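Values in this text are rule-based calculations from the coordinates and carry no lab data. This structure is a prediction, so every number in the text was calculated from the model and none was measured. Don't worry about glycine lacking a Cβ; one is built from the backbone with ideal geometry, like all the others, and counts go over all protein chains shown.
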Amino acid sequence: MNREKEFDNILDECLERILARGETVEQCLARYPELAAELEPLLQTALSTKETLAIKPRPEFRERARYQLRSALQEMEEKRQRRFAFFNWQPQWVTAVAAVLILLLASSGTVAAAGNSMPDGTLYPVKLATEQVRLVLTPSTLGKAELYAKLADKRVTEIIKMADKGKLEQMERTTQRLNVQLVAMASLVGAPEEDTAVLTAPAPSAAPQEAAAPPVTEEPPEEEKIGIFLAPAPPSAAKEVPAVAEEAQEARPGAALGPPPHAGKEPPKKKAEVQLAPVQPVPEEAPAIPLAPSVVPEEAPAPQPVPSESAEPDIDKGKVDKRAELMVLVARNAVKHPEALREVLQKVPESARPSLLRAIAASDAEYEKILEALRVRERGKD
Amino acid sequence: MQDEESLVRRAKEHDQTALTQIYEENFDKIYRYIVLKIGDRTEAEDMTQQVFLSAFKAISSFKYKKGTPLSSWLYRIAHNQIVDYLRKKSKRPTVPLEESLASDSSGSSDPRLEVEQNLAIEQLASATRHLTKAQQEVISLRFAGELSVAQAAKVMGKSEGAVKALQHSAIVSLRKLLAAG
């Protein structure tokens, strides 16, 4: 038994030397002359097996495979995005069941405890479900929008906490929730829909891809949307494609901080503006803005003055107050959130940056749209 | 191993560089592993592609364990696809070997060399199919997948000693089978 084990070990050692380190069969046999007769045929068989298997896929197949993989990953990423969006459009019965569960749980204080939970906490799903129920139970559009604004604030706090803890997966999920909630808020207050493409803010694209990239349009090219890493599309075997690893080096997420290379073409202007937009020069005291429209700093998108009490019936006055409060809240978020997210951006590793950049782009763009929509409503009222 | 843990974490976050690295480091090995198991190079190409598609689709659910390489997960996916392929193939009419080899162009510049290479692969794959399942797995992981005994042991859920013994018996049997033609 021991002899067999010893032989197994010696055979394996010789195989390692021959297959991995490039020694010859003879060199190995010279180490174990007493076992040479037994070892030699086995090593020859192993060597010939290895030689037979020294094959590679066809280069044209590799090229095609990279392209196919890139497309498939792109599709997966889009599905993933849609799944998050779906969260807001779940069937009514899910909400109803959640409501019942929450009412049951509330009696034991779970909901209260969940209120402060973070994305890495066990009660976090309860917190999310509670938020959904609150949204469903809030009847007015302005009330819903205000709730969304508060939820967005919570999401940003969670993102900061998760980044501090180094829990990047949870951080990324929270950024996606933030994006979804911002879009939902924007559509509630009647912001135009066509610009929601900003949610798929550009990830860096590899320079060599640009040669084969489609013409630049308002919509980011597919490669940029999710920053898929693989070689460009051309399925022609003749075309020389640089090594994927090299492309990927160029496509490192950190590159998203600068304008994406577009091989002689102008980068999509809208995207670059959104992504690189500086924080609006709102004073430090912005978070402390009192909930009165007249004192909103000038730099922040300012709400219109609220009409005087005597000019409006009570019911309209309530609406106007609500809208003004919402504008202040949104204006404050519009300043606070991108700034806070940019601070987080400095702390996280490169791999976590693309999702943060998307969240920054989304908060820059969506808040602007929401404020614009509120201003339009205000003007309509006037 | 710390590096691999970080690689997996980044891949789970859909980091492009990490996914590229996994793809580039493992593509050829998984391809050879499949070729040896099914003996068809063209089919193996498509299956290899499918392995990576499946893996990347499910990467978020992958749980990294210290000491178990990511490749072991890829080999398990490949193994499952091979089992599925062979099961489906057994229900389909078979193509004569010559016809299969003729259509199995690997794009080499020397057609004669290519045919010889394909014959050698077919012969090896055919001989390997006569080994026990465990022996087949050891040969595939060690010689096609280029895994060390320790890594192969992790993939197979066996001790290193058991894998070394299987390796020995598999080579002895393979030698006899190849000699018998």
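Is the shape of the range B:1-66 best called rounded, prolate or oblate, per the rule: a/c under 1.5 gives rounded, else a/b larger than b/c gives prolate, else oblate, with a ≥ b ≥ c the square roots of the Cα gyration tensor eigenvalues? It comes out prolate by the Cα gyration axes. From its DSSP helices (H runs of at least four residues, each -39,500 (n - 2.57)), chain B gives a residue-normalised ellipticity at 222 nm of -24000 deg cm²/dmol.
Legend: residue pairs A:K79/B:K88; A:K56/B:K66; A:K5/B:K65; A:K161/B:K65; A:K144/A:K336, Cα-Cα distance threshold 23 Å; pairs beyond threshold, A:K79/B:K88; A:K56/B:K66; A:K5/B:K65; A:K161/B:K65.
For a test of the definition: using alpha carbon positions, the gyration tensor, and the 1.5 limit on a/c, classify chain B as rounded, prolate or oblate.
It comes out oblate by the Cα gyration axes.
Post the alpha-carbon centroid distance, the range B:144-166 to the range A:158-188, in whole angstrom. When both Cα centres are located, 43 Å separates them. A Cβ-based charge dipole, computed about the Cα centre of chain B with Lys and Arg at +1 and Asp and Glu at -1, lands at about 1060 debye.
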